[in-house]
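Below you'll find the structure, written out as structure tokens, and then a few comments.
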Amino acid sequence: MKPVTRLRIAIQKSGRLNNDCMDLLLKCGLKIKTSQNSLLCHVENLPIDILFVRDDDIPTLVMDDICELGIVGENVLLEQVNTNKNYSITKKLGFSRCRLSIALPSEIPYVNSASLQGMRIATSYPNLLKQYLDQQNVQAEIMTISGSVEIAPRLDMADAICDLVSTGRTLEENNLKEVEQVIQSQAVLIKTQASISSEKNDTIDLLLRRIDGVLKAQESKYIMFHLPKASLQSIRQLLPGCETPTVVPLDGMADKVAVHAVSGEGVFWSTLEKLKMAGASSILVLPIEKMMN
Ligand code: PRT
Ligand code: ZN
């Protein structure tokens, strides 16, 4: 039988991770045609298949070597895998950021983690919560429930909850206050530790280079402005994360130049205001679509 040479990547079929995963893969140049119910998609222009699954299945698919790569939240990964880590985190992807936090009704007094002693805490993350409570030397009752954790205190099923928080709105709406952070999480690209054919390794390398390019481009901005030649030295420290800027002469303006630079750290209004005070004019900040060093 011919070995499978197409690389398999597992991503979430639908939910909070799906859009950002698809966006990333499309920006990496993968031609993906999805149909609503398909679980497997053949990438047209690269030897890659994409498997659409529930996020909870992704760590197992990668660790059992059914998929070489997977994209999943650190929260799911760390909850499922304590020991026998048969995967490596290849890249932190910067999206789906959230935190797993302990929260309790606003009116309940709270001093520090010792205040949780003896409480009933509802969560879908019993392993991460237990690990945290053990570290803090707190004995509490962990009540594992699979969803709608935030209503448990109102139903008197629990005294506190431990759930994912991103904006904090759900906690606020349920009159809960966040008191402890158990972990911070973001989407990560994980890779199997089983041995991989050299063809698949080449495809992984290509994909990783492109993901790097997409992530760098997202963080970076292209800045252009006009500047009196005399101010060139003074603006260097105002350009955050810029390598040597390109300085271009301006037609008919002997005392001014155009400065172009790539900033690796994003550009804030305060930076533009400082540049203007240093004599810059016609300042433009542009997004960068792709980058390769
Ligand atoms: O069906 P499937 O099993 O694949 O999906 P799922 O329902 O288990 O997960 P899904 O799609 O809800 O979330 C997927 C991943 O997104 C999570 O595992 C996290 O890594 C990440 N993520 C980021 C979040 C949040 N932010 C988030 N805010 N996952 C859930 N939430 C929920 C949270 O549980 C709470 O109910 O949003 C509510 C809080 O949000 P705020 O903004 O009100 O604080
Ligand atoms: Zn899930």
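The values are calculated or read from the model by the stated rules, or taken from the named source; none is laboratory data. Worth saying up front: this structure is predicted, and the values here are computed from it rather than measured. Using ideal geometry, Cβ is built from the backbone for each residue, glycine included, and neighbour counts are taken over all protein chains shown.
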Positions within the range 145-160 being surrounded by 13 or more Cβ atoms within 10 Å (Cβ to Cβ) and either charged (D, E, K, R) or more than 10 Å from ligand 1 (Cβ to nearest atom) (or both), in sequence order: Ile145, Glu150, Ile151, Ala152, Pro153, Met157, Ala158, Asp159, Ala160
Close pairs from the range 38-57: first among the aromatic types (Phe, Trp, Tyr), partner surrounded by 14 or more Cβ atoms within 10 Å (Cβ to Cβ) and assigned to a loop (DSSP other than H, G, I, E, B), Cβ under 6 Å, at least 6 apart: Phe52/Lys13
Qualifying residue in the range 34-44 (condition: among the polar types (S, T, N, Q), under 21 Å from Ser166 (Cα atoms) and within 16 Å of ligand 1 (Cβ to nearest atom)): no
Filtered residues of the range 102-124 (kept if without any contact (Cβ under 8 Å) to a residue 60 or more places away in the chain, exposed (fewer than 14 other Cβ atoms within 10 Å of the Cβ) and of a type in the set (S, T, N, Q)): Asn112, Gln117
Some residue of the range 83-95 being within 16 Å of ligand 2 (Cβ to nearest atom) and in contact with a Ser or Thr (Cβ under 9 Å, 6 or more places away or on another chain): no
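Kindly establish whether Leu164 is outside any helix (DSSP H, G or I) and modelled with pLDDT of 95 or more. First the steps, then the outcome.
Working: outside any helix (DSSP H, G or I): yes; modelled with pLDDT of 95 or more: yes.
Yes: the conditions hold for Leu164.
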Evaluation of Met292 against (1) touching a helix residue (DSSP H, G or I) at 6+ places or on another chain (Cβ under 9 Å); (2) surrounded by 15 or more Cβ atoms within 10 Å (Cβ to Cβ) (one fails), failing number: (2)
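Residues checked against (1) assigned to a loop (DSSP other than H, G, I, E, B); (2) modelled with pLDDT of 95 or more:
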{"site": "Lys177", "(1), (2)": "no, yes"}
{"site": "Val182", "(1), (2)": "no, yes"}
{"site": "Val188", "(1), (2)": "no, yes"}
{"site": "Ala194", "(1), (2)": "yes, no"}
{"site": "Asn201", "(1), (2)": "no, yes"}
{"site": "Arg209", "(1), (2)": "no, yes"}
{"site": "Ala217", "(1), (2)": "no, no"}
{"site": "Ile223", "(1), (2)": "no, no"}
{"site": "Leu232", "(1), (2)": "no, no"}
Residue selected from the range 1-60 under the condition modelled with pLDDT of 95 or more, among the polar types (S, T, N, Q) and away from ligand 2 (no atom under 13 Å from the Cβ), by the criterion nearest to Glu289 (Cα to Cα): Asn19
